[in-house]
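Novice: Can you keep this structure in mind? I'll have questions shortly.
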Amino acid sequence: MKMWARVKALFGRKRLERDLEEEVAFHLAMREEKKRAGGVAADEAKYAARREFGNATRVKEICREMWSFASLETFWRDLRYGARALRKNPGFTMAAVLAIALGIGVNTGIFSVLNGVALRLLPIPKAEQIVSVDQIFHGKLSRNVHGEPGLFSYSEYKNYRDHNHVFTGLLAYEPFLEATLEGESPTQVMGVAASCNYFDVLGEWPELGRVFVDADCSAPGASAVVVLSDDLWRSRFGADPSIVGKSISLNRSKFAVIGIAAPGFGGLDPWPTAFWAPVTMQKALEPARDFLNEDNTGWLGMLGRMQAGVSIEEVRSDLGVIAGQIDQQYAGRATTTLVIHRATFMGRPEERTVVFAIGGVVLAAVGLVLLIACANVANLLLARASARQKEIVIRLSIGGSRWQIVRQLLTESLLIAFLGGTLGSLAAFWSMEGIAQFVLAHLPHGAPRLVWNVNPDLRVWGYSMVLTALTGIVFGLAPALHATRQDLSTAIKEDSAGLAGKAGSGGFLRSTLVGLQVAVCMILLIAAGLLMRGLYMAQTVDPGFEMKGITQAIFDLPSQGYSEERARAFQRELIAQVAALPGVDGVEQARVTPLNHQFMGTGMTLEGETETRQVEFNIVSPGFFTMLGMPIVLGRGFTKEETQANAGEMVLTESTARRLWPGRDAIGKTLRGFDNKEYQVVGVVRDAQASHLGEPGGIFIYLRAGPKEQANLQLLVHSKSGDIVTANGIRDVARTLDADLMVDVTKLEENLELWRTPSRIVAALSGALGTLALLLASIGVYGVVSYGVSQRIREIGIRMTLGADGKDVMRLLLRQAMRPVLIGASVGVAGCAAVSQILSKVLYGIGSHDPIAFIGVPLFLLGIALLASYVPARRATRIDPVVALRYE
């Protein structure tokens, strides 16, 4: 009843106040009348009645507390007072709000991207019921992997599907499936081979036609049907409804179109899916492998829809029993750990590790920018508190408690924070979609086209609100506590703030905040300097081989159903016709073209050893080294005779030879491969960054390309007639030999862009954050020095009257201003040296402690800080001593 009365009081406050006044007046009148009836004079009766009744104001307050929310009213009163105070100081308010808006805006924007990439639930009906299932293996076991280590084999999927007690349905699908959609212009599209309950489990229904039924997965290769995405249907088939029932060709196999997926549904990964085929049609889409019958090959992701009332813990327990039973089927395989969580994009463990590692680093960086903004606003509040010192002292003197004043000051801080947070968040929400689309549109050739939703949801709004509240407390609490820590008698008599930076009010705290700003800014600027240096190195690096004038042709013969014999015939004819093109003076082959972000590794054993070493390798034709300008420094390269005979020769890089046989001649030494075949070293080639840009020193070997490798080899063409002419010629030749073969022809130099782009994006982000941090820190230094000068005008006048000249005053001010700057800079350099190793992956050849960045950036920042200190200090030296002595 009390709560209901208080709620009603919120909407009938005037009536209650009127009733309260009448009630108090009635009681006073009755007591006064009683006194008069007892013979007391009228005037005396009035005062006696008031004395007997007590403090009427206090009685009213008690009554109000009974039928109102006292804390809410107090907060509302503080809020109105704070709003009036901020409105009276528009310059201060604008500076503080904009600083917080910048800090919170960039934090919210980055978090919205992270949320869209890896935290937001899948855009499907009742997504909270869907969980992803992955596995982590323990013990020593031999397992084949197609995609990522945590994926499942088809037999494992069926085991989990048929024996679990927690799902209404468990689906499986193969990610990373590429196929050539044939037609007048063959197109490479990303698709999915899915279990036939895929759409049922997800709750997605087609726009046209139907989705899979159980009969479509009854037997391997029995049902060549396909569901197209709405985007592919509209872009490739002109939204023609008659396509349902017709056939299309995917990787040379005919599939009957049975349905069109609902608009907006793009699958379970951030790269949009163009088609879905039954998982039992895997071999038709990938002729080179038959994964359905490979029980020890992981290639399927799994997602399940939980039954009503089932928790994730129950899912883990139930599936854990099945995992243990499967483990017993394989020798040496310890209990498998299942990773189960709500399904999101980038939800597999390997993907989440990368996304959260990058997201954590970026959020830490933008968090440092917010910290600088908080320090700036805290300094502004300290200066404002000094100006309000008399007001605070008077309020304390007349009975106000310290907590009441701290609460009032914190309310003002929170008001600033929420104004800035709202402004910054709205700006971030408005701009992030456009920024994300701009970045995605400018990814280099060959990068996956990603699609994710960066629009705000409850998680992003909640993050923004919590961050805003914490920000208001962080920058407001210390100034509020400092402002209310006053000795009343001293404060009332005080007529000067003393020496800023020493005895002045808040001088130590202001200097500490400046040092903090400079330290954080130093970390961000050195990181930006390292990344800029890394970007410069990536743009100018000499990879150790020739790229100009070389064109690469990438194609996938196994996926198109080529046998070894047919692949050899195709490659032979392709090389002959391309070599005859005008201007072409060399055609070579490689399993992986240099810097193509594709890597091949295996385990090999040195002669006389039992331990297997992980080795990265490439398979190349005899003229590969000559075309790329990679000299053989010891021994020889491959010969055409060896290539035809499939001899077991190999060529090592210099660093590999030194690592495997230090101080010895590597020629003639042997390595035993995973196929139990021995390979003999016939040559040593100069180190080159042909696999990883900026990392030339790994264990890397080259094997010869023989007849058996022809299905997997790519083409490298050297020409003097120009890249465009050569590329068009290669396409024409390939089209003549096989009109349906998808051939990607680009300049070899474009492979560098795959490495440069991450560096460019990270450097741009770091540079923007560093610039913002520098701006905020410079404003902070300038503001503190300016405030210190304003507090010391009389002192400066006295010094100059006693004989000090402008240079003496300048040295004094600069020395005291730069002390916290130097301390903060030293802390920042040490901090960046400790964490700079995180950036090593995108530095491409420079060290994480690069001396140019670690010397040049601090000097630059100190120069900016010195300039920010010099301007107000110079103004102070021009003060007329007479005017300064009269200054109050």
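Novice: Which residues in the range 343-371 have a backbone N closer than 11 Å to a point placed 7 Å from the Cα of Glu128 along the Cα-to-Cβ line?
Specialist: In the range 343-371, the label zone of Glu128 (backbone N under 11 Å from the point 7 Å along Cα→Cβ) covers no residue.
Novice: Could you order peptides 413-424, 310-321 by the average number of other Cβ atoms within 10 Å of their residues, highest first?
Specialist: Working: 413-424: 23.0, 310-321: 15.3.
Final packing ranking: 413-424, 310-321.
Novice: Further question on the same structure: Over every pair of different alpha-carbon atoms in the chain, take the mean of 1/r and invert it; report that Kirkwood radius in Å.
Specialist: 33.8
Novice: Run the quick spin-label model on Asn455 and Ser155: label points 7 Å from Cα toward the beta carbon, then report their separation in nm to one decimal.
Specialist: Taking the two extended label points, one gets 4.7 nm.
Novice: Ranked from the most accessible area to the least, with a 1.4 Å probe and all protein chains present, what is the order of Tyr702, Tyr154?
Specialist: Reading off the accessible areas and sorting them downward yields Tyr154, Tyr702.
Novice: If each residue of separation counts as 0.36 nm, what is the full-extension length gain between Arg878 and Arg289 once their alpha-carbon separation is subtracted?
Specialist: Extending this stretch completely gives an extra 203.7 nm.
Novice: For labels at Arg210 and Ala764 in the simple 7 Å Cα→Cβ model, what's the distance in nm?
Specialist: 4.8
Novice: Turning to a different aspect of this structure: Just how far, in whole angstrom, is the range 656-721 from the range 228-285 if you go by their alpha carbon centroids?
Specialist: The two parts, judged by their Cα centres, are 41 Å apart.
Novice: Can you run the Rg to Rh ratio on the range 712-840? Use alpha carbon positions and the Kirkwood inverse-distance Rh.
Specialist: 1.43
Novice: Another question, if that's okay. Can you bin the range 126-224 into rounded, prolate or oblate? Criterion: square roots of the alpha carbon gyration tensor eigenvalues sorted a ≥ b ≥ c, rounded for a/c under 1.5, prolate for a/b above b/c, oblate for the rest.
Specialist: The shape class here is oblate.
Novice: Just subtract the alpha-carbon distance of Glu433 and Asn144 from 0.36 nm times their residue separation and send over the number in nm, one decimal. Present the calculation step by step, with values, prior to reporting the outcome.
Specialist: On the way: separation 289, 0.36 × 289 = 104.04 nm, distance 3.95 nm.
So the chain would gain 100.1 nm between Glu433 and Asn144.
Novice: How far is the Cα center of the range 556-599 from the Cα center of the range 511-545, in Å?
Specialist: 42
Novice: Taking the Cα centroid of the range 24-46 and of the range 286-312, what is the distance between the two, rounded to the nearest whole Å?
Specialist: 91
Novice: Which helices, taking whole DSSP H runs in the chain, have alpha carbons extending 30 angstrom or more along the helix axis plus mean Kyte-Doolittle at least 0.0? Could you put the intermediate results ahead of the total?
Specialist: Details: long enough: 13-37 (36 Å, -1.45); 90-114 (35 Å, 1.73); 349-387 (55 Å, 1.52); 402-441 (56 Å, 0.95); 458-483 (37 Å, 1.27); 507-540 (48 Å, 1.44); 751-791 (60 Å, 0.91); 806-835 (43 Å, 0.92); 851-877 (38 Å, 1.41).
Helices meeting the criterion: 90-114, 349-387, 402-441, 458-483, 507-540, 751-791, 806-835, 851-877.
Novice: Follow-up question, since we're still on this one. Could you tell me the calculated FRET efficiency between Leu859 and Leu775, based on Cβ-Cβ distance and R0 = 30 angstrom, to the nearest 0.05?
Specialist: Efficiency for this residue pair is about 0.95.
Novice: Grab the beta carbon distance between Phe599 and Asn728, set R0 = 22 Å, and tell me the FRET efficiency rounded to 0.05.
Specialist: Numbers: r = 30 Å, r/R0 = 1.37.
Once the sixth-power term is evaluated, E becomes 0.15.
Novice: Residue separation times 0.36 nm, minus the C-alpha to C-alpha distance between Glu22 and Gln325: what's the value?
Specialist: My answer for the length gained is 100.9 nm.
Novice: Can you send over the carbon and sulfur percentage of the accessible area for the chain, probe radius 1.4 Å, protein chains only?
Specialist: Working: 25040 of 41680 Å².
Of the solvent-accessible surface of the chain, carbon and sulfur hold 60 percent.
Novice: Still on this structure, I have one more. First check a/c for the range 218-331, with a ≥ b ≥ c the square roots of the eigenvalues of its C-alpha gyration tensor; if it is under 1.5, answer rounded, and if not, answer prolate when a/b is larger than b/c or oblate otherwise.
Specialist: Judged from the Cα gyration tensor, the range 218-331 comes out oblate (a/c at least 1.5, b/c at or above a/b).
Novice: So what is the relative contact order for the chain, in percent, with contacts set as C-alpha pairs under 8 Å and at least six apart?
Specialist: About 15 percent, as a whole number.
Novice: If you rank Glu23, Glu753, Glu156 by how much accessible surface each has, with a 1.4 Å probe, what is the order from largest down?
Specialist: The residues order as Glu23, Glu753, Glu156, largest area first.
Novice: Let me ask you something else. Which FRET efficiency, nearest 0.05, do Val835 and Thr612 yield, Cβ-Cβ r, R0 25 Å?
Specialist: 0.15
Novice: Next question. Using 7 Å Cα-to-Cβ label points, what is the Trp403/Glu313 separation (nm, one decimal)?
Specialist: Taking the two extended label points, one gets 3.8 nm.
Novice: Hey, what's the chain come to in accessible area per residue, 1.4 Å probe, Å²?
Specialist: Heavy-atom accessible area per residue stands at 47 Å².
Novice: Which pairs break 19 Å Cα to Cα here: Lys246/Lys283; Lys548/Lys747; Lys677/Lys708?
Specialist: Check vs 19 Å cut-off fails for Lys246/Lys283.
Novice: With each run of n ≥ 4 DSSP H residues scored as -39500 (n - 2.57), what mean residue ellipticity at 222 nm is computed for the chain after dividing by its residue count and rounding to the nearest 500 deg cm²/dmol?
Specialist: Calculated mean residue ellipticity at 222 nm is -17500 deg cm²/dmol.
The values are calculated or read from the model by the stated rules, or taken from the named source; none is laboratory data. Fair warning: this is a prediction, and the values are worked out from it, not measured in the lab. Quick reminder, even Gly has a Cβ in these numbers, built from the backbone with ideal geometry, and neighbours come from all protein chains shown. Ligands, DNA and RNA are excluded from the accessible area calculation, which covers all protein heavy atoms including side chains. Shrake-Rupley method; radii C 1.70, N 1.55, O 1.52, S 1.80 Å.
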